[in-house]
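What follows draws every value from the coordinates through simple rules; no lab data is involved. Keep in mind that what you see is a predicted model, and the values were worked out from it rather than measured. Positions of Cβ are backbone-derived with ideal geometry, glycine not excepted, and every protein chain shown enters the neighbour counts.
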Amino acid sequence: MANGKSLNHELSEVFSELWDMDVNRFTPGKDYTIELQGKAGDGATQDGAARHLFHHVNEERMKSIKTFATFISLLDNYETSTGVAEVVTPEEIAENNHFLDAILETEVMKLAHQYLVKKNVAEANLTDFKSQLYDIWFQLYARKEGG
């Protein structure tokens, strides 16, 4: 049990350090505002909110930050319907790689990489680590209707 507590404490410290070093983090009330509109009940299948959750987002700032801009370019790359085959184009592969390159340049991902290497769950070589991330985040999986 003590080992679990020490791991939880260690992870909490790492997460706090990652949070603190994120210079691109948006400030609530300044860079965005949200509009809470109640809660969905258990088993809810429809969005009961009349308005969007994000009331305001500083889109200019979002477009000017490389990690956000490269992430936004990924948003139209995926088929949301199950049972529909995913087609990955060369342009989408390039967008995936641009996103990974952008995040791997950040201090947040450098620290995350160091921590994962120390825990023997990530490759020490940055190119190999990027391949690991690509496989985890972007490799396709079998899609079945209703499952």
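A few remarks follow.
- For segment 49-147, trypsin sites (Lys or Arg not before Pro) are listed when DSSP marks them as loop and at most 14 other Cβ atoms sit within 10 Å of their Cβ; the list is 51, 119, 143, 144.
- Residue list for segment 52-89, given a label point 7 angstrom along the Cα-to-Cβ vector of residue 35 and an amide N cut-off under 17 Å: 52-59
- A Gaussian network model of the chain, with springs between Cα atoms under 10 Å, assigns the largest mean-square fluctuation among 11, 116, 36 to 36.
- Taking 1.002 mPa s as the viscosity and 20 °C as the temperature, the Stokes-Einstein diffusion coefficient of the chain based on its alpha-carbon Kirkwood radius rounds to 114 µm²/s.
- GNM flexibility winner over the chain from 98, 56, 113 (Cα, springs under 10 Å): 56
- Total charge dipole magnitude, the chain, about the Cα centre, Cβ charges on Lys, Arg, Asp, Glu only, Debye to nearest 20: 380
- When the charge dipole of the chain is built from unit charges on Cβ atoms (+1 for Lys and Arg, -1 for Asp and Glu) and taken about the Cα centre, the candidate among 102, 136, 44 whose Cα reaches farthest toward its positive end is 44.
- Residues of segment 95-118 falling in the label zone of residue 125, defined by backbone nitrogen less than 20 Å from a point 7 Å along Cα to beta-carbon, are 97-98, 100-102, 104-105, 110, 113-118.
- Estimated [θ] at 222 nm from DSSP helical runs (n ≥ 4, -39500 (n - 2.57)) normalised by residues in the chain, nearest 500: -15500 deg cm²/dmol
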